[in-house]
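Heads up: the structure comes next, in structure tokens.
The values are calculated or read from the model by the stated rules, or taken from the named source; none is laboratory data. Quantities reported herein were computed from a predicted structural model and do not represent experimental measurements. Ideal geometry is used to build each Cβ from the backbone, glycine not excepted, and the neighbour counts take in all protein chains shown.
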Amino acid sequence: MPFIQCDIEQGLSEGQKTEIITRMIDVTNKAIGSSCEHINVVLREHPKANLGETGKAGLGLISQRQSA
């Protein structure tokens, strides 16, 4: 019974989060053959200030995309 945890920056819409979860389940099913009904996915959201990317703190991809 796979259990997947994914940490993401706050700011995605409910639809985007649903899409991430759906795709993770699909990829996991195809990769290891586990039944979709047995695959669990949890998204954990964090503010930009709590994330570091490319060696820099507070560099959030979602917030950058929204301000462009």
Exercise for review: Please enumerate the residues belonging to the stretch 13-37 that are out of contact with any strand residue (DSSP E or B) (no Cβ under 8 Å at 6 or more places or on another chain) and of a type in the set (A, V, I, L, M, F, W, C).
Suggested key: 27, 31, 32, 36
Exercise for review: State which residue is surrounded by the fewest Cβ atoms within 10 Å (Cβ to Cβ) when the search covers only the stretch 10-62 and only residues that are at pLDDT 90 or above and among the acidic types (Asp, Glu).
Suggested key: 14
Review point. Which residue pairs have Cβ atoms under 6 Å apart, sit 6 or more places apart or on different chains, and have a first residue in the stretch 34-60 that is closer than 17 Å to residue 20 by Cβ and a second that is surrounded by 12 or more Cβ atoms within 10 Å (Cβ to Cβ) and of a type in the set (Val, Ile, Thr)?
Key: 36/25; 39/25; 39/28; 41/4; 41/21; 43/8; 45/8
Exercise for review: Scan the stretch 10-32 for residues that are free of Cβ contacts under 8 Å to residues at least 24 places away in the same chain, assigned to a helix (DSSP H, G or I) and either closer than 21 Å to residue 46 by Cα or of a type in the set (Phe, Trp, Tyr) (or both) and jot them down.
Suggested key: 14, 15, 16, 18, 19, 20, 21, 22, 23, 24
